[in-house]
1. Could you please give the count of residues in the range 474-486 that are closer than 23 Å to residue 444 by Cβ and part of a loop (DSSP other than H, G, I, E, B)?
2. Of all the residues that make up the range 50-90, how many are in contact with a strand residue (DSSP E or B) (Cβ under 8 Å, 6 or more places away or on another chain) and outside any strand (DSSP E or B)?
3. Can you tell me which of 397, 445, 454, 472 is under 30 Å from residue 345 (Cα atoms) and either at pLDDT 90 or above or in contact with a strand residue (DSSP E or B) (Cβ under 9 Å, 6 or more places away or on another chain) (or both)?
4. Would you check which residues across the range 167-176 are under 27 Å from the mean Cα position of the chain (by Cα) and over 21 Å from residue 155 (Cα atoms) and list them?
5. Would you tally the residues in the range 454-470 being outside any strand (DSSP E or B) and either farther than 16 Å from residue 500 by Cβ or in contact (Cβ under 8 Å) with a residue 60 or more places away in the chain (or both)?
6. For residues that are more than 20 Å from residue 235 (Cβ to Cβ) and either within 21 Å of the chain's Cα centre (by Cα) or surrounded by 18 or more Cβ atoms within 10 Å (Cβ to Cβ) (or both), tally how many sit in the range 271-314.
7. Would you point out the residue of the range 182-201, among those that are within 24 Å of residue 273 (Cα to Cα) and over 22 Å from the mean Cα position of the chain (by Cα), that is surrounded by the most Cβ atoms within 10 Å (Cβ to Cβ)?
8. Considering the range 295-333 alone, what residues qualify as being without any contact (Cβ under 8 Å) to a residue 12 or more places away in the chain and over 16 Å from residue 367 (Cβ atoms)?
């Protein structure tokens, strides 16, 4: 049985019946990740554990990885503790993410929330089968994935774009056992679990523009939302317990006593879309972003907490440490995907709005440092594929820090198509973590990752050779007509797990003439110069991105 449905990035996906039966490509035992199309990463419940949310062309799910360091300091990947699919009717990624220029909608927030586990937004399918209906949030736990619906107030049913009240940020206050979720036009949701996870108390509150006090959302009747501030993001100060609130009219702060105050004179007229707090000394990083007549303007701001100075724009420094006169952040159309604080440095994940350029900015006390390896066109401030963060040029979707062990803090980035990358030395070197289902030696197993693609995507050809070889990889249609030669006589080394060169050994769904191949099943032949031949199988959905 074959059925098609347009997925969250606008690509057509193939139904589960085909996945399990027609191709024989059920989720394989021994997988490390649910999919190599990873979206979000967050610290797990113990040292060395990392939550990873993945989505594929067909389905999506979560993994709880177990990572460690060997005697030489290299990251080692153990057996995952959880690998679980998510119901295909819901997703943590909304349909417009890859095209949306609004900064608050381009992030995949994950927050540790006490007994709730790790939480992230949940979207359902609308009438057009697009993930554009805010449904609540997921909870990731060692026992599995829990879907937590949040009711949509009656007065919101007439809102033309439901994404105006989607969850775009979280904050969890352990002392109150309460999860706060930023919900745009709907203000915030307070999800109180002080009486147990199974007995939550839920309150919806709006922030009055004039009084800057929280007002309970009426349970019925119409509401004049023009009187209230949208809430795009929330962050708790770990030292004082104050909650910082990002709104379209500045940055606000709710004290532990409940009083809401203006947190910055500098930002009071800015559309603040994100706020992050951390590091030593403790600092706050703020993103401002607005879209006027299709033109995106944005900036990155910083303030060291405890001092008298207000927020200042982040400067960009060249290799000599000289600040650039032009506004590099705004000029590049960056939006923040996440921030990982490590000591006095901040790793700021960014993604160019509406584009495929992504990576992270390394921010220290002086500003964003250039790595000196780029040019005007490749961005010498952006750390990514060119600086070894990933071994394939893939979109970096989020960034997080997590304790690898009691002495070592790790960094992790999620990528859209190349698994995750993990660093144990503050970003100097990276280890790519992909699905590691067992491969037979001497081309005994040829595995395509992912096994279903659209033209313009990438399916990695995974194989292993027993000794150094010269490899030829070709793609054939169902009638065994060759449509593509990927590499010919390319040198590959013997390896314990796989000999694939991720920068070259992939099929993009195109033929030798650069044209998209039609929808169907294709066979991939891998040969070495020692007489070994292996075959793999992949499905192309045709078309293109």
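1. 1
2. To start, the set of residues in the range 50-90 that are in contact with a strand residue (DSSP E or B) (Cβ under 8 Å, 6 or more places away or on another chain) comprises 50-70, 74-90.
Okay, now just the ones that are also outside any strand (DSSP E or B), so 56-59, 70, 74, 78-81, 87-89.
Adding up the residues that qualify gives 13.
3. Details: 445 fails: under 30 Å from residue 345 (Cα atoms); 454 fails: under 30 Å from residue 345 (Cα atoms); 472 fails: under 30 Å from residue 345 (Cα atoms).
Criteria check complete, one pass: 397.
4. Passing the criteria: 169, 170, 171, 172, 173, 174.
5. Selection size over the range 454-470: 8.
6. 1
7. Initially, the range 182-201 is screened for residues within 24 Å of residue 273 (Cα to Cα), giving 182-191.
Filter once more, keeping what is over 22 Å from the mean Cα position of the chain (by Cα): 185-191.
Numbers: 185: 18, 186: 28, 187: 26, 188: 25, 189: 23, 190: 18, 191: 24.
The qualifying residue surrounded by the most Cβ atoms within 10 Å (Cβ to Cβ) is 186.
8. Start the filter on the range 295-333 by keeping residues that are without any contact (Cβ under 8 Å) to a residue 12 or more places away in the chain, which leaves 295, 307-309, 320, 322, 324-326, 331.
Answer for the range 295-333, where residues must be without any contact (Cβ under 8 Å) to a residue 12 or more places away in the chain and over 16 Å from residue 367 (Cβ atoms): 295, 307, 308.
The values are calculated or read from the model by the stated rules, or taken from the named source; none is laboratory data. Since this is a predicted model, take the numbers as computed values, not measurements. Glycine gets a Cβ as well: all are built from the backbone with ideal geometry, and neighbour counts include every protein chain shown.
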